[in-house]
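Chemist: Quick one: the structure is below, questions incoming.
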Protein chains: 2
Amino acid sequence: MTDEKHMLREQIHHWLQHNRDHGIELLQKLVQANSTQGNEQYAQTIVIEKLRKIGLKVEVWEPDGKFLATHPYFASPRKDFKGSPNVVGILKGTGEGRSIILNGHIDVVPEGDIAQWDHQPYSGKVIAGKLYGRGATDMKGGNVSLLLALSAIRALGIPLKGDVIFQSVIEEESGGAGTLAAILKGYKADAAIIPEPTNMKIFPKQQGSMWFRLTVKGRSAHGGTRYEGVCAIEKAMLVVEHIRELEKRRNERIHDPLYEKIPIPIPINIGKVVGGDWPSSVADLVKLEGRMGISPDETMNHAKMELETWIKELKNIDQWFNDFPVSIEWFGARWVPGAVDLSHEMIKTLSASYSEVIGKEPVIEASPWGTDGGLLTQAGSTPTIVFGPGVTEKAHFPNEYIELDKVFEAAEIIALTVVDWCGVER
Amino acid sequence: MTDEKHMLREQIHHWLQHNRDHGIELLQKLVQANSTQGNEQYAQTIVIEKLRKIGLKVEVWEPDGKFLATHPYFASPRKDFKGSPNVVGILKGTGEGRSIILNGHIDVVPEGDIAQWDHQPYSGKVIAGKLYGRGATDMKGGNVSLLLALSAIRALGIPLKGDVIFQSVIEEESGGAGTLAAILKGYKADAAIIPEPTNMKIFPKQQGSMWFRLTVKGRSAHGGTRYEGVCAIEKAMLVVEHIRELEKRRNERIHDPLYEKIPIPIPINIGKVVGGDWPSSVADLVKLEGRMGISPDETMNHAKMELETWIKELKNIDQWFNDFPVSIEWFGARWVPGAVDLSHEMIKTLSASYSEVIGKEPVIEASPWGTDGGLLTQAGSTPTIVFGPGVTEKAHFPNEYIELDKVFEAAEIIALTVVDWCGVER
């Protein structure tokens, strides 16, 4: 590291220390602004205000659902995004530097069973260095790291060569329509960082996923003469076993060292079952809903085809399925897998900044879940790394929190990375 | 058959022929009077009117739910029977004859999905000798056979020695609280006939049943790291397999020739499954609901204990069940099994009447479902035979119907049986 860079790092570090209370307050305000699907407006207003203060050029728009829906990667339960704006802030470089997208989603998943929360889900309460609330970890904490990094760079008057495009998007939790809208607006860059809750690990690869629904048929009868019917619950058990076998085969094909420590790199999860409607009748219908993990090295279409073909094979296991085939629907959310080559310059830059700030080598792993990074990489031609301060285990759970120290560490690492990546005009 | 008896039979036959339109009209009125649970009042009014016309002594009362609920055989989703009267009509004999209970339930199951009916469910329409509507087969047609038999006996002025106790009870479809109430009022007899829809077969034995709910636990996790959780759906599959094994063992013990042609004499039906709540989460809870068939030769308690003990054995199949045992609840409806010895005089009398009217031997089988006959036999000390004109396959189904000829054949057989059983005063 050059003396100049070292000096920059010191300046950023001190700026962040000095503005710690301000950062915490911003995160608190964002967590308190409940931004579940359809309710993102107020939280975005806070982001816009912040971007204007930093001095970025701001673009705000409500995505056009009808237009988005024509895109093969579109996935959302809704097509009307009225009142759910996307926000982009642009820091134009002086030229000839590499550009970067800093992307975070503003939407949060619902708080769930309120009885399981120790405090109000949108309290933003700080206790012993942790800030609590839905979205603290996933991923308003990460978004604040981005905003703090940009604030520091601007406040310190560091003239970047490359462009920085900050994106506060809607709809990540339902399949990425917000990021897709930004891509279709034409935003792209030489690399992107998404500060999803990775426990400060670096994820150059991420599993994609798709939801599916299987409909298994039976034939009704009175329970007292159940042998006259065909039990859809028993047939569904065969279907679950059959899918386990496919999961095994798909995972045996994976030799990526990033997945070395992961027991099942791309699981097929059967998360929901509903079947039959009366204890003393033979069930004539069972619906199974699940999530199919998609490897960073395959396309969604390949995975889809593989499950569809596999389900057809059921007829070789049981004649019943020949006459009454299991039907499959792809529904609900979907996340495109993403992969950035380990030799990519952004991984080197981010890793170096991490070591500089934390004092040790970063952990580099494959992500077991999807983010908007898949879309950015595959549909947006922007190689994307996922790295953020949140606590993976707390995402989507009651009593979600983030460690405040991590928010500032991530801000420092990201600021340094942006400076390094975009270059500084002398 | 004596000449006198033959003459009686001729008289009854002709009376029924002559009063055919009246019988059809009565059944039509009863079917049109929707008498689903809680709505039995109007249909019972029609029954009361008819009993008064025949000249029976009528008793009407709303069962006392609080009192009934203290009985070990009580099963009903409700404890308040306001507006749901039981009706009894008594034809006192001249003395020294055998008494008989003629029992039928007035309640019907709901019509279900109305789109599956070709006509209005409570139309009572007659098409090509069949009368359509909810309850036609189960069991207002059988009740009309009873009322016609009594009408004929009274109209023909046949002086019976033994008492006839006609019962139009509520709640059979939910576990028999109506018949239990009649038993606790003190009604008993030397034998009983229940004209449930047996396709004119004679059922001296009947399967009992109990509903149960099993709760199977898992541990939640994100579907992308499903190996960190424990899938309650997979655990529930082990439970279903385990129960299949118990069903096999319980049925291997049954050597009753009446069950010879029945593939599974006392099935355990798993009719309903609900588990998990999100496609991309590992399901942490599955509920299974089912119906356990109870042999006529065992007590409900024995069957209960056997399933409860068996479920505890799951811990030997999978350690998980040791830490998180499957819990079992007995809920909802319940039917006491019933058995009358094949050498019982009532079976002989009923069989002889059947042969006389139909001209061939009756089919004698064990019933795959429960009726109030179990309660009458076990709690009411009244040996009960189930025999009726309804179409077994149409009970509880859309487009339920009954063949009108069968209603009159059953009326004739029952009238002859009553005369034979109770004896005629010279």
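Chemist: Defining the label point at 7 Å along Cα→Cβ, can you sort the distances from A:Ala155 to the same site in each other copy, shortest first, in nm?
Modeler: Listed shortest first, these distances are 10.2 nm.
Chemist: Separate question: Size of the dipole of region A:208-335 about the Cα centre, Lys and Arg at +1 and Asp and Glu at -1 on the beta carbon, nothing else charged, in debye to 20?
Modeler: With Lys and Arg at +1 and Asp and Glu at -1, about 180 debye.
Chemist: How high is the relative contact order of region B:248-311? Use alpha-carbon pairs under 8 Å, at least six apart in sequence, and give a whole percent. Mind dumping the intermediate values first?
Modeler: Working: 52 pairs, mean separation 16.4, N = 64.
Computed value for region B:248-311: 26 percent relative contact order.
Chemist: Moving on. To the nearest 500 deg cm²/dmol, what mean residue ellipticity at 222 nm is calculated for the protein assembly as shown from DSSP H runs of n ≥ 4 alone, each contributing -39,500 (n - 2.57), summed and divided by the residues? Please list the in-between numbers first.
Modeler: On the way: 24 runs with 294 residues, N = 852.
Result for the protein assembly as shown: -11000 deg cm²/dmol, rounded to the nearest 500.
Chemist: Something else about it: Averaged across B:261-271, how many Cβ atoms of other chains sit within 10 Å of each residue's Cβ atom? Spell out each step's value before the answer.
Modeler: Values: counts 0, 3, 4, 5, 1, 1, 9, 2, 16, 10, 16.
Taking the mean over all residues of the peptide, I get 6.
Chemist: Turning to a different aspect of this structure: With a Förster radius of 45 Å, plug the Cβ-Cβ distance of A:Ser355 and A:Glu49 into 1/(1 + (r/R0)^6) and report the FRET value to the nearest 0.05.
Modeler: On the way: r = 35 Å, r/R0 = 0.77.
Calculated transfer efficiency: 0.85.
Chemist: Please state the shape class of region A:208-335: rounded when a/c is under 1.5, otherwise prolate if a/b exceeds b/c and oblate if not, all from the C-alpha gyration tensor.
Modeler: Working: a/c = 2.48, a/b = 2.29, b/c = 1.09.
Taking the square roots of the gyration eigenvalues as a ≥ b ≥ c, region A:208-335 is prolate.
Chemist: Across peptide B:365-377, what mean number of C-beta atoms from other chains lies inside 10 Å of a residue's C-beta? Walk me through the intermediate numbers first.
Modeler: On the way: counts 0, 0, 1, 7, 5, 2, 0, 0, 0, 0, 0, 0, 0.
Across the residues of B:365-377, the mean count of other-chain Cβ atoms within 10 Å is 1.
Chemist: What share of the DSSP beta bridges in chain A is antiparallel, in percent to the nearest 5? Before the final figure, lay out the partial values.
Modeler: Details: 44 of 59 bridges.
Close to 75 percent.
Chemist: Output, in nm with one decimal and in ascending order, the distances from the B:Pro72 label point to the matching label points of the other copies (7 Å from Cα along Cα-to-Cβ).
Modeler: So the distances to the same position in the other copies read 6.9 nm.
Chemist: In addition: List the residues whose amide H sits under 5 Å from the amide H of A:Ser367, counting only those 5 or more places along or on another chain, with H placed 1.01 Å from N in the peptide plane.
Modeler: Residues meeting the amide H criterion: A:Lys205, A:Gln206, A:Gln207.
Chemist: Next question. Can you list residues whose amide H is under 5 Å from A:Ala75's amide H, if they're 5+ apart or on another chain and H is modeled 1.01 Å from N?
Modeler: Answer set, sorted by chain and number: A:Ala177.
Chemist: Another one. Give me a comma-separated list of calculated 3J(HN,Hα) values for region A:348-364, in order, Karplus coefficients 6.51, -1.76, 1.60 applied at θ = phi - 60°, integers in Hz, x for any Gly or Pro.
Modeler: 5, 4, 5, 5, 5, 5, 4, 4, 4, 7, 8, x, 8, 5, x, 8, 10
Chemist: While we're here: Which one of A:Leu376, A:Leu26, A:Leu146 has the biggest mean-square fluctuation once chain A is modelled by GNM with Cα springs under 10 Å?
Modeler: A:Leu26
Chemist: Treating the point 7 Å from Cα along Cα-beta-carbon as the label, what are the nm separations from A:Asp405 to the other copies, to one decimal?
Modeler: 9.1
Chemist: Next up: Can you run phi through the Karplus equation (6.51, -1.76, 1.60; θ = phi - 60°) for region B:280-288 and list ³J(HN,Hα) in whole Hz, with x for Gly and Pro?
Modeler: Each residue's phi maps through the Karplus curve to give 9, 10, 6, 5, 9, 7, 10, 10, 10 Hz.
Chemist: What are the ³J(HN,Hα) values, in whole Hz, obtained from phi via the Karplus relation 6.51 cos²θ - 1.76 cosθ + 1.60 with θ = phi - 60°, for each residue of region B:319-328 in sequence order, with x given for Gly and Pro?
Modeler: For region B:319-328, the Karplus-derived couplings read 3, 3, 6, 5, 7, 10, x, 6, 9, 10 Hz, x marking Gly and Pro.
Chemist: Loop only per DSSP, at most 12 neighbouring Cβ atoms within 10 Å: give me the trypsin sites (Lys or Arg not before Pro) in region B:225-324, ordered by residue number.
Modeler: Details: sites: B:Arg226, B:Lys235, B:Arg244, B:Lys248, B:Arg249, B:Arg250, B:Arg253, B:Lys261, B:Lys272, B:Lys287, B:Arg291, B:Lys304, B:Lys312, B:Lys315; in loops: B:Arg253, B:Lys261.
Listed in order of number, the matching sites are B:Arg253, B:Lys261.
Chemist: Going by the alpha-carbon gyration tensor, a ≥ b ≥ c the square roots of its eigenvalues, is region A:25-67 rounded (a/c under 1.5) or, if a/c is not under 1.5, prolate (a/b greater than b/c) versus oblate? Display every interim value, and only then the final one.
Modeler: Working: a/c = 4.32, a/b = 1.21, b/c = 3.57.
Because a/c hits 1.5 or more and a/b fails to exceed b/c, region A:25-67 counts as oblate.
Chemist: So who's got an amide H within less than 5 Å of the one on B:Val424, skipping anything under 5 residues away but keeping other chains? H placed 1.01 Å off N, in plane.
Modeler: B:Lys161
Chemist: Defining a contact as two alpha carbons under 8 Å apart and six or more residues distant in sequence, what relative contact order in percent does chain A show? Before the final figure, lay out the partial values.
Modeler: Values: 968 pairs, mean separation 107.2, N = 426.
Answer for chain A is 25 percent.
Chemist: Same structure again: Within a 10 angstrom radius of each residue's Cβ in A:277-287, how many Cβ atoms of other chains show up on average? Whole number is fine. Walk me through the numbers before you get to the answer.
Modeler: On the way: counts 4, 8, 17, 18, 5, 4, 6, 0, 0, 2, 0.
Per-residue shielding by partner chains comes out at 6.
Chemist: Turning to a different aspect of this structure: Name the shape class, rounded, prolate or oblate, that the alpha-carbon gyration tensor gives for region A:1-115, where a ≥ b ≥ c are the square roots of its eigenvalues, rounded holds for a/c under 1.5, and otherwise prolate holds if a/b is larger than b/c and oblate otherwise. Show your work: numbers first, answer last.
Modeler: On the way: a/c = 2.43, a/b = 1.48, b/c = 1.64.
The shape class here is oblate.
Chemist: Where the centroid of each part is defined by its Cα atoms, how far is region B:282-344 from region A:194-234 in Å?
Modeler: 27
Chemist: Rg over Rh of the protein assembly as shown, using C-alpha atoms and the Kirkwood radius, what does it come to? Numbers along the way, then the final one.
Modeler: Values: Rg = 36.8 Å, Rh = 31.5 Å.
Over the Cα atoms of the protein assembly as shown, Rg/Rh equals 1.17.
Chemist: Further, regarding this structure: Can you tell me what share of the DSSP beta bridges in the protein assembly as shown is antiparallel? A percent to the nearest 5 is fine. Please list the in-between numbers first.
Modeler: Numbers: 91 of 122 bridges.
Bridges in the protein assembly as shown are about 75 percent antiparallel.
Chemist: Build a GNM of chain A with springs between Cα atoms under 10 Å: which of A:Pro72, A:Pro197, A:Pro296 gets the top mean-square fluctuation?
Modeler: Sorting by GNM fluctuation, first place goes to A:Pro72.
Values in this text are rule-based calculations from the coordinates and carry no lab data. All of these numbers come straight from a predicted model, not from anything done at the bench. Every residue, glycine among them, receives a Cβ derived from its backbone with ideal geometry; neighbour counts consider all protein chains shown.
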